[in-house]
Each structure stands twice: as structure tokens, then as C-alpha cells.
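Here's the structure we're looking at; comments come further down.
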Amino acid sequence: MNGLIRSGHTGTPAEFAATMGLSQSHLFRCIHELELYGMDIQYSRTLKTYFYNNDNELTINYSMQLLTATNVKEIIGGKCLSKRNYTELHREAQSYTE
């Protein structure tokens with residue numbers, strides 16, 4: 001997403017969403033998230049592309065790690081991560097944020 005916006009070749013919102021494999025509403029949420037990080041993102045109807053309207057740089061870092069069954073048990077306090085338990089844990093986590 002960042003690369004397409006930086007290059008100025010996103011296309012219309014519908015085209016950009018399709019390229020990214022997202023719905024338009026999800027695309028708009030992602031753009032809003034980037035704006036919360038200080039990126040000034042604009043859309044040109046004439047050029048039919050999104051572009052950055054400032055010189056800020058965006059660096060995105062992520063990592064992946066294979067978790068063994070032992071690691072998972074340690075992370076979630078020893079509970080077995082069955083679908084039922086995962087659903088219960090998810091509900092429990094949501095209750096803390098409400």
C-alpha cells in the first residue's frame with residue numbers, strides 16, 4: 001500500500017482496493033490508520049490516484065515466529081487452544097477492552 005501511494009499509481013479507490021484485495025471500506029480504514037500515524041494522504045480526482053502530501057517517511061516492520069504447542073501453552077497460560085477455548089479467550093479479551 002505504501003509503495004503504491006508513494007509511486008502515485010493507485011488508481012481509483014475501487015481499483016486500489018481490488019489491487020490490495022480489500023473492500024473499499026477496509027481500504028478507507030487502512031488509509032485512516034496511516035493518517036493517524038502522521039501520513040497526509042490525499043486523493044487526486046484528476047490523476048485518479050492517492051498520494052502523500054508531505055515528506056514524512058513510513059517504515060513498517062513485522063516479524064514472524066513459529067510457535068510450538070509448548071510455546072502456545074506458555075503464552076496463553078497452559079490452556080489448550082481448541083476452537084472452543086480460543087473463542088472463550090477472544091470473548092474474555094474483548095471484555096477487558098470494553
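The values are calculated or read from the model by the stated rules, or taken from the named source; none is laboratory data. Just so we're clear, the structure is a prediction, and the values are computed from it rather than from any experiment. All Cβ positions, glycine included, derive from the backbone under ideal geometry; neighbour counts span all protein chains shown.
Data table
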read-out	value
Considering residues of the stretch 25-58 that are free of Cβ contacts under 8 Å to residues at least 12 places away in the same chain and part of a strand (DSSP E or B) only, the residue nearest to the chain's Cα centre (by Cα)	Q42
Filter pass, T87 being assigned by TED's automatic domain parsing to the domain that holds F16, over 19 Å from the mean Cα position of the chain (by Cα) and either closer than 30 Å to T10 by Cβ or at pLDDT below 85 (or both)	no
